[in-house]
Amino acid sequence: MPKVTAQGKTFECSSGANLREVLLKNGVDLYNGQAQLINCHGFGTCGTCAVRVVGAVSESSWKENTRRALPPHKSTADLRLACQTQVLGDVSVTKFDGFWGQGSQVVWKPEG
Ligand code: FES
C-alpha cells in the first residue's frame with residue numbers, strides 16, 4: 001500500500017485513493033486559516049487544497065490544470081490540487097502559506 005507522509009505523520013492508503021480525503025482522514029491540516037471553512041469540498045474549483053506532492057500520483061486533469069492556471073495560482077508552480085490527485089505510490093506532501101496555499105513559505109513539510 002502507498003505511504004503518505006505529511007505534517008510529521010506517515011500513513012498508508014489504497015492505491016488510487018484521493019489525496020484530499022486521505023490527508024483529512026488522518027488529521028492533516030490541508031487548508032490554511034479560513035479555507036478550512038470556505039472550500040469547495042473537493043470539487044476542484046476553489047483551489048485552496050493546493051500542495052506540493054513528491055512521489056507517484058495521477059496526472060493532472062484538464063479540470064485541475066484549468067484551476068491551477070487561475071490566479072493566485074500559476075500554471076508554472078509545482079503544486080497539485082489534493083482533491084484532484086490520486087495516490088499511486090509513496091508520496092511526500094508539503095503545504096505553503098496563503099489562503100490558497102499559493103505562498104512561498106512552508107506551513108508544514110512531510111516531516112513536520
Ligand atoms: S478542495 Fe477546492 S479545489 Fe480542492
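Quick notes on this one:
- Dividing the helix sum by the residues of the chain, where each DSSP H run of 4 or more adds -39500 (n - 2.57), gives a mean residue ellipticity at 222 nm of -3000 deg cm²/dmol.
- Cα-Cα separations in the chain greater than 23 Å, expressed as whole percent: 18 percent
- Since only V107, F96, C46 are under comparison, the one whose Cα sits farthest along the positive direction of the charge dipole of the chain, derived from C-beta charges on Lys, Arg, Asp and Glu, is C46.
- Take every Cα pair under 8 Å whose residues are at least 6 apart in sequence, average their separation, divide by the length of the chain, and the relative contact order is 39 percent.
- Whole-Hz couplings from phi, Karplus 6.51/-1.76/1.60, listed for segment 11-16; x for Gly and Pro: 9, 9, 8, 6, 5, x
- Counted charge near Q105, where neighbours are those whose Cβ lies closer than 15 Å (Asp, Glu -1; Lys, Arg +1): +1
- Inter-probe distance in nm under a simple model that places probes 7 Å from Cα toward Cβ, at T66 and Q36: 3.1 nm
- Segment 1-46 shape via C-alpha gyration tensor axes, a/c threshold 1.5: oblate
- Sequence ranges 59-65, 45-51, 99-105, ranked by mean other-Cβ count within 10 angstrom, highest first: 45-51, 99-105, 59-65
- Taking 20 Å as the cut-off, the amide N atoms of segment 1-36 that come nearer than this to a point 7 Å along the Cα-to-beta-carbon line of S58 belong to 1-5, 12-26, 30-31.
Computed from the coordinates by the stated procedures, all read-outs in this text should not be read as laboratory data. Note that the structure is predicted; figures quoted are calculated from it, not measured. A quick note on method: Cβ atoms are made from the backbone with ideal geometry, for glycine too, and the neighbour counts reach across all protein chains shown.
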